[in-house]
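Here the structure is laid out as structure tokens; the discussion comes afterwards.
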Amino acid sequence: MNRDMDRATPPIVYVIDDDHSVRAALDDLFASVGLQVRSFGSAREFLAHPPDDAPGCLVLDIRMPGQSGLDFHRQMGDLGIRLPTVFITGHGDIAMSVEAMKNGAIEFLTKPFRDQDLLDAIQHGIEKDRARRASEAVVSELQLRWASLSAGEQEVTRLVIQGLLNKQIAASLNLSEITVKVRRGQAMRKMQAASLIELVRLIEKAGV
Amino acid sequence: MRMPLQYRRMLSLVGMVLVMAAIFVADTLTEYAVAVAVFYSVVILAAVSLLTVRAAIALACACIALTVVSFYLTPAGLYKVGLVNSGISIVAISITTWLTLKTEAAQAAAHDAQARLLRIARVTSLGGLTASIAHEVNQPLAAIVTSGNACQRWLAQDPPNMEKALQALDRILSDAHRASEIIDRVRSLTKGEKPRKSAFDLPQAVREIVDMSRGEIERHGIALETHIDDALPPVMADRVQIQQVIGNMLLNAIEAVASGPAHRKDIRISTSMPDGASVLFCIEDAGCGLSAEALDHLFDAFWTTKEGGIGLGLSISRTIVEANGGKIGAEPNASGGATFRFSVPLVKGKSA
């Protein structure tokens, strides 16, 4: 499991703001607390540089020429970008912030903001991204384990988790009871399940 | 391939003269009973858009003269019929000229009015302008605050990172300069253009703005009372600029009334001539009124009581009124709202 490895992966903060002064200041603020930063002048520029495979958080300006931050945020899901997002805006109203939060933003800050508010929001975003990455890593690990099962083992396992007895499985698959037992044991070992209940849980989580 | 405009114009004029000559010959050679001269009106219809008003009238006179000359030169036919037909032709030419000139004038006036409305719309939509100024100024301020925070953090490290702190300070200074440049730009904006003064009728100018704002007034359920004295002598000022001021004051009044008590949605507009030198425009609202502090700062740039406002409307208004030789003022009124007024000087020599 690479969950602990991910904890060591340095997080990256992405900034999209059309104003170069604001970008330079944010770059420096994040650098001063030891965070890695990548900043971009527009959503298009951001899309031209795919995010690294590391936990991250996006700081997104709302009011930008071309595509607004809110529009871009709505599109991110379709583009497969699941970075937690902190909105910053020069002239925010309540309706705007409600919409942003409804779309799953971490925080909505009005410029000029308190640096601690921004840093807290980003820390929260990074933790959230770590958790998402960890759970995705678990799922893909379980899927790998499932894929390592032979076709016969998978067949037996599917019936096992339905609650069928070895005898019933043997009858329905036209196998000997010994073969079912052997395949069942292999499946438990490969899935690293200590009990039948755990096996059921792991397979459910893998979503296979 | 397109011919240059002056060639096309010249060609049309030559064509016109040829057609006129042809009509003249035909009119002279045919009998009295054939009223070929009526076709002169076609020439006028075609020519008016190419000519000035004076030239068009001259052309019409020439056509009438040609009709009269052909009448005398025509050798054959009943004299009486010829007289009636020539009369009809002359009337047709005159009426065509008059109607086409009137249509042209109406089109030109519509065009002017549209251009003027566009100019007014640009400045009366101060809302949009102010929002973008607010954004412009806020960006460097946000950058300054963030750089300040970063600077603090670099200095708080052990040992302090002087190099990074100094870089942050450099950014703060340049952003501060940028903010002040933006403010300078806005200030020059509020100084505005030099007034293009002309004599005009203030009551009429007021009516146009009131009509433009009708929709907004009705949307808020406001009762508008107007006491516009149409008999006032003309004033000398930049008509569009003065209309911008009126529009701004009217919008302010609408906003004040809309946010005030629901049972008193009144605005009262009046024009009058308190002395022999100027006309006074006055707008009273029953809105939220003016505090003592507001009265002191009302016309200051960047001073506002409106949420999301930036405090430029009245400041620009004052600049405009003063540049046009008038005075602007405000005071609380008996109904708890505010009264705004400004004066515009009369055309010299027209004072009563």
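What follows is calculated from the coordinates using simple rules that are stated; it is not laboratory data. Source: prediction; values computed, not measured. Glycine gets a Cβ as well: all are built from the backbone with ideal geometry, and neighbour counts include every protein chain shown.
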Checklist entry - Percent antiparallel among DSSP beta bridges with both residues in the protein assembly as shown, to the nearest 5? => result 50 percent
Checklist entry - Can you give the mean number of other chain Cβ atoms that lie within 10 Å of the Cβ atoms in peptide A:106-114? => result 3
Item to check | Alpha carbon Rg of chain B, scaled by the compact-globule rule 2.2 N^0.38 Å | outcome: 1.58
Next on the checklist: Quick check on the range A:7-48: take the gyration tensor over C-alpha atoms, sort the square-rooted eigenvalues as a ≥ b ≥ c, and tell me if it's rounded (a/c under 1.5), prolate or oblate.
Outcome noted: oblate
Checklist entry - Relative to the first principal axis of the alpha-carbon coordinates of chain B, what is the inclination of helix B:79-124, with its axis defined by its Cα atoms, in degrees from 0 to 90 and to the nearest 10? => result 10 degrees
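Per the Kirkwood treatment, what hydrodynamic radius in Å, one decimal, follows for the range A:61-144 from the mean inverse distance over all distinct Cα pairs? Numbers along the way, then the final one.
Numbers: mean 1/r = 0.0713 Å⁻¹.
Here the Kirkwood hydrodynamic radius works out to 14.0 Å.
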Item to check | Proximal lysines to A:K102, defined as alpha-carbon separation beneath 28 angstrom and excluding residues fewer than eight positions away on the same chain | outcome: A:K111, A:K128, A:K205
Checklist entry - If you build the Cα gyration tensor of the range B:224-303 and take the root of 5 times each eigenvalue, what three semi-axes come out, in whole angstrom, biggest first? => result 25, 17, 12
Next on the checklist: Between the range B:135-183 and the range B:277-306, how far is it from one alpha carbon centroid to the other, in angstrom?
Outcome noted: 38 Å
Next on the checklist: Springs between alpha-carbon pairs under 10 angstrom, Gaussian network model over chain B: which of B:A323, B:A35, B:A258 fluctuates most?
Outcome noted: B:A35
Checklist outcome for this item: Of all GluC sites (Glu not before Pro) in the range B:144-251, the ones in DSSP coil with at most 14 other Cβ atoms within 10 Å are B:E193
Next on the checklist: Give the average, rounded to an integer, of partner chain Cβ atoms located within 10 angstrom of each Cβ in A:25-36.
Outcome noted: 6
Checklist outcome for this item: Karplus-derived 3J(HN,Hα) from phi for the range A:8-15 (6.51 cos²θ - 1.76 cosθ + 1.60, θ = phi - 60°), whole Hz, x at Gly and Pro, runs 8, 5, x, x, 10, 9, 9, 10
Checklist entry - Over what distance in Å are the Cα centres of the range A:161-208 and the range B:1-65 separated? => result 104 Å
Checklist entry - Most fluctuating residue of A:L149, A:L109, A:L173 in a GNM of chain A with Cα springs under 10 Å: which is it? => result A:L173
Checklist entry - If you line up the Cα atoms of the protein assembly as shown on their principal axes, what length do they span on each, largest first, in Å? => result 134, 71, 55
Checklist entry - How high is the FRET efficiency from A:V139 to A:H49, r the C-beta distance, R0 30 Å, rounded to 0.05? => result 0.65
Item to check | Unit charges at the beta carbon, dipole of the protein assembly as shown: most positive-side option, A:M64, A:S140, A:L159 | outcome: A:L159
Next on the checklist: In whole Hz and in residue order, list the ³J(HN,Hα) couplings for the range A:77-88 that follow from phi through the Karplus curve 6.51 cos²θ - 1.76 cosθ + 1.60, θ = phi - 60°; x for Gly and Pro.
Outcome noted: x, 5, 7, x, 9, 10, 5, x, 10, 10, 8, 10
Next on the checklist: How far apart, in nanometres, would the label points at B:E31 and A:E198 be if each is projected 7 angstrom from Cα along the Cα-to-Cβ direction?
Outcome noted: 12.5 nm
Item to check | Top of A:I81, A:I197, A:I169 by mean-square fluctuation, Gaussian network on chain A, Cα under 10 Å | outcome: A:I197
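If the only charges are +1 at each Lys and Arg Cβ and -1 at each Asp and Glu Cβ, what is the size of the charge dipole of the protein assembly as shown around the Cα centre, to the nearest 20 debye?
Working: 57 positive and 60 negative charges, 268 e Å.
I would put it at about 1280 debye.
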Checklist entry - Quick one: Karplus J couplings for the range B:253-261, per residue in order, coefficients 6.51, -1.76, 1.60, θ = phi - 60°, nearest Hz, x for Gly and Pro? => result 4, 4, 5, 5, 5, 5, 9, x, x
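Which whole number in µm²/s is D for the range A:22-117 by Stokes-Einstein, with the Kirkwood Rh taken over Cα pairs at 20 °C and 1.002 mPa s? Don't skip to the answer; put the middle values down first.
Details: Rh = 14.0 Å.
D, rounded to a whole number, is 153 µm²/s.
How much of the DSSP bridge set in chain B is antiparallel, in percent, rounded to the nearest 5?
Details: 22 of 28 bridges.
The antiparallel fraction comes to roughly 80 percent.
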Checklist entry - Which is farthest toward the positive dipole end of the range A:159-199 among A:S172, A:L199, A:V182, measuring Cα position about the Cα centre, with Cβ charges +1 (Lys, Arg) and -1 (Asp, Glu)? => result A:V182
Item to check | Under 12 Å from A:K181, Cα to Cα: aspartates and glutamates that are on another chain or at least 8 residues apart | outcome: A:E153
Checklist outcome for this item: Among B:G337, B:G276, B:I320, the residue whose Cα sits farthest towards the positive end of the charge dipole of the range B:214-352 (+1 at Cβ of Lys and Arg, -1 at Cβ of Asp and Glu, taken about the Cα centre) is B:G276
Checklist entry - Roughly how tilted is helix A:115-147, in degrees to the nearest 10 and between 0 and 90, from the longest Cα axis of chain A? => result 20 degrees
Checklist entry - Given q = 0.11, 0.26, 0.28 Å⁻¹, what are the Debye log10 I(q)/I(0) values for the range B:1-69, with equal point scatterers placed on the Cα positions and solvent ignored? => result -0.29, -1.17, -1.28
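Using the crude model of +1 on Lys and Arg Cβ and -1 on Asp and Glu Cβ, and no other charge, please compute the dipole size for chain B relative to its Cα centre, in debye to 20.
Numbers: 32 positive and 32 negative charges, 222 e Å.
About 1060 debye.
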Next on the checklist: Cut-off is 10 Å between beta-carbons; in what order do B:R264, A:R82 appear when sorted fewest neighbours first?
Outcome noted: B:R264, A:R82
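Send over the Kirkwood Rh of the range A:107-153, from the inverse of the averaged 1/r over different Cα pairs, rounded to one decimal Å.
Details: mean 1/r = 0.0740 Å⁻¹.
One decimal place: 13.5 Å for the Kirkwood radius.
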Item to check | the range A:9-155: antiparallel DSSP beta bridges as a percent of all, rounded to 5 | outcome: 0 percent
Checklist outcome for this item: For the range B:21-123, shape from the Cα gyration tensor axes a ≥ b ≥ c, cut at a/c of 1.5 then a/b versus b/c, turns out prolate
Next on the checklist: Taking every alpha carbon pair in chain A, what does the distance histogram look like in 5 angstrom bins from 0, in percent?
Outcome noted: 1, 7, 13, 15, 13, 9, 7, 7, 7, 7, 6, 5, 3, 1, 0
Item to check | Lys, Arg +1 and Asp, Glu -1 on Cβ, resulting dipole of the range A:69-208 about Cα centre, debye, nearest 20 | outcome: 820 debye
